[in-house]
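Written below as structure tokens is the structure these notes are about.
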Amino acid sequence: MWDFRKPVIALLAPTLLVVLSLAVAGGHLGIGLSVQGILPNLPYGLSILAMALGLWFKRERVFFTALPLGLVNVTMLNLWQQAPATGPLWEVGFAALCIVLPLYLLSVTFFQDQGIFSRSGLTRLLWLFLPVIAVVVAVDSTVPAQAQKWLGEALHARLFSTDVDFWSHLPQSAILLFGLSMLFLAGRFVINPTPMEGAMLGAMGAAWAALHHVGDGAMPSLLLSAALMMVIVAVVQDAYHMAFLDELTGLPGRRALFADFRRLGQRYSVAMVDIDHFKKFNDTYGHDIGDQVLQMVASRLERVTGGGRSFRYGGEEFTIVFPGKDVETVKAHLEALREIIAGSNFLLRDEDRPDKAPKDRKEAGPAKKNKNIRVTVSMGVAGPSVEYPDPDAVMKAADKALYKAKEAGRNRVAA
């Protein structure tokens, strides 16, 4: 079953930032004139911050997205914010930027994080100046007027009726490029719903909206600021995931567990969970199967009831923290969880089974059954007491209870 929570969470920040930008631009938040005067320059600071984060975390996509968005703000403020919507500056220069920008931002999504100052990074830095070169050449006074006219006509050429672009400053080709780019990025996001993929999708949409609102006061700068904030928030989210989430299971890791310990009150319970005979899984079926077992168990632990929060402690061990719950209350939830894991089907694919189904079913021979592996866990739970006054001590007590469960035959809960 597809988990809708990850894409919803990943798109939450981009959506809120766009809504906030529109609210500020519409004057709905009652921001004073002194603050409003800062808004056109806000993308510069955000662009520098995003580029610094890109350099620090060696994220090329972040760096090469932030820099052009800052340059676009400079260009719009100085060339088109108060310029009439006529002449080569508008008809050629603005149209060229609108067409090149979505192509550039789309290309950035394919960049691999190999280092900004590597050979590939410097090559991409040259690619960055394509939008700038396109605008400069388009409005260069040395270009013959007839050539500029032909270029303007080419940039504004219509493939479809005026119904497609009558509502926007952007040329029809630019609208189509932005639309197709956003569809492609939406597809990437559905396949891989990470904060960065969501930010790239949101930044593309915000960049289109900024160009659409050119000449509309501080609106373009606010929308570009929203695009940059999306990228910044995504970097912070990714950094959090790297620091606090276990890459294999997706559960919070040991560092997150100890941070959670500092927020506990006086009443809580801690459970230690261990996969029974896990070493045997690895020795018999290999580490790939062992990893799949870990992922399966983690997915069940993530849905523990009773307000529990699950963490991967290390290896085949997990920890569940129940804030505000005593041991007797928690045991019922742990028993239910243990039964769910023991009743889960873990099918081991037959080693001789081909990766693809044969074209001729008759040649495939008799069907081979997949092996059903039974996975169980043992659990130990403890709460604070005079002997175990703090979370670290309670966790050690839960670990002792876990070994009691193992000695009693495994696949059980002990306190």
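Of note:
- The distance between label points at Asp216 and Arg254 comes to 5.3 nm (points 7 Å beyond Cα on the Cα→Cβ vector).
- Cα shape, the range 142-281, gyration tensor, a/c 1.5 rule: prolate
- Per-residue Cβ neighbour rank within 10 angstrom, fewest leading, Leu105, Leu176: Leu176, Leu105
- Order by protection proxy (mean Cβ within 10 Å, highest first), peptides 221-229, 180-188: 221-229, 180-188
- Here r is the Cβ-Cβ distance between Asn41 and Leu348 and R0 is 60 Å; the resulting FRET efficiency, rounded to 0.05, is 0.50.
All of the numbers you see were taken from the coordinates with simple rules; none came from a lab. All of these numbers come straight from a predicted model, not from anything done at the bench. Every residue, glycine as well, gets a Cβ built from its backbone with ideal geometry; the counts of neighbours run over all protein chains shown.
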